[in-house]
1. I'd like to verify a number: residues in region 18-45 that are open to solvent by less than 20 Å² (accessible area, probe 1.4 Å) and either closer than 24 Å to residue 78 by Cβ or in contact with a helix residue (DSSP H, G or I) (Cβ under 8 Å, 6 or more places away or on another chain) (or both), how many?
2. Got a sec? Which of 173, 192 is at pLDDT 95 or above, open to solvent by 30 Å² or more (accessible area, probe 1.4 Å) and not in a helix (DSSP H, G or I)?
3. Quick test for you: out of 165, 185, pick the one residue that is surrounded by fewer than 17 Cβ atoms within 10 Å (Cβ to Cβ) and either of a type in the set (Asp, Glu) or out of contact with any Ser or Thr (no Cβ under 6 Å at 6 or more places or on another chain) (or both).
4. With the condition kept exactly as written, say whether any residue in region 16-23 is farther than 17 Å from residue 157 by Cα and either free of Cβ contacts under 8 Å to residues at least 40 places away in the same chain or in contact with a Phe, Trp or Tyr (Cβ under 9 Å, 6 or more places away or on another chain) (or both).
5. Being hydroxyl-bearing (Ser, Thr, Tyr) and crowded, with 16+ Cβ neighbours inside 10 Å is the filter; apply it to region 46-69 and report the residue that is nearest to the chain's Cα centre (by Cα).
6. Only one of (1) touching a strand residue (DSSP E or B) at 6+ places or on another chain (Cβ under 7 Å); (2) of a type in the set (A, V, I, L, M, F, W, C); (3) not in a loop (DSSP other than H, G, I, E, B) fails for residue 73. Which number is that?
7. If I ask for residues that are crowded, with 20+ Cβ neighbours inside 10 Å and small (Gly, Ala, Ser), which ones from region 71-94 would you list?
8. If you scan region 96-148, which residues turn out to be of a type outside the set (Gly, Ala, Ser), part of a loop (DSSP other than H, G, I, E, B) and under 30 Å from residue 53 (Cα atoms)?
Amino acid sequence: MSPPMSANSFFDALRDEGLTVVQVGDWREHNRNHKGPWGPVHGVMIHHTVTKGTAETVRLCRDGHSALPGPLCHGVIAKDGKIHLVGYGRANHAGLGDDDVLRAVIAEKALPPDNEANTDGNRHFYGFECENLGDGKDPWPPVQLEAIERAAAAICRHHGWTARSVIGHLEWQPGKVDPRGFTMSSMRERIQERLK
């Protein structure tokens, strides 16, 4: 069991991993904790935003929309590799997913197919939304992919996790396709190399 790191420790871990971090408003206190607990945490979840333009993407991920209140993640990873922190605590990013996947993440084993949506992921995962249209054509700049790698590695390093604790939304919730445009297996290889 891992309690979530403090907001200050989260910020420091990202900076210590060599990332440029942008603090957005009252991100440390902006959360959905009134809807349920956050933690214990077991992993990191990567998403794409289906948006274009960093400013609008950050605003949406901070504020949410009428059907889904923000924050929609903890950090937005922009095309230029900067991480914009928009919330800390429980965030509306993971939704319901597969309990078998969660057990595999906790055990750091190969992931089974996600065929159920019966477990609250917002409680158990750090979440990063990555600025991309998610159409399989919008490019992923190398600096952005490196930022995803560094952000996930920073959290894994803090908690003593391996790269198997990093999953994509598509590996958690049936019907999800994000992130589209790179594979999570290739990203986990990068993260594990960084953790060596």
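The values are calculated or read from the model by the stated rules, or taken from the named source; none is laboratory data. Please read these numbers as outputs of a predicted model, since none were measured by experiment. Using ideal geometry, Cβ is built from the backbone for each residue, glycine included, and neighbour counts are taken over all protein chains shown. Ligands, DNA and RNA are stripped out before the accessible areas are found, and what is left, the full protein with its side chains, is counted by its heavy atoms. Shrake-Rupley method; radii C 1.70, N 1.55, O 1.52, S 1.80 Å.
1. 6
2. 173
3. Answer to the selection: 185.
4. Among the residues of region 16-23, at least one is farther than 17 Å from residue 157 by Cα and either free of Cβ contacts under 8 Å to residues at least 40 places away in the same chain or in contact with a Phe, Trp or Tyr (Cβ under 9 Å, 6 or more places away or on another chain) (or both), which makes the answer yes.
5. Among them, the one singled out is 49.
6. (3)
7. Within region 71-94, 75, 78, 87, 89, 91, 94 qualify.
8. 122, 123, 124, 131, 132, 133, 135, 137, 138, 139, 140, 141 - these are the residues of region 96-148 that are of a type outside the set (Gly, Ala, Ser), part of a loop (DSSP other than H, G, I, E, B) and under 30 Å from residue 53 (Cα atoms).
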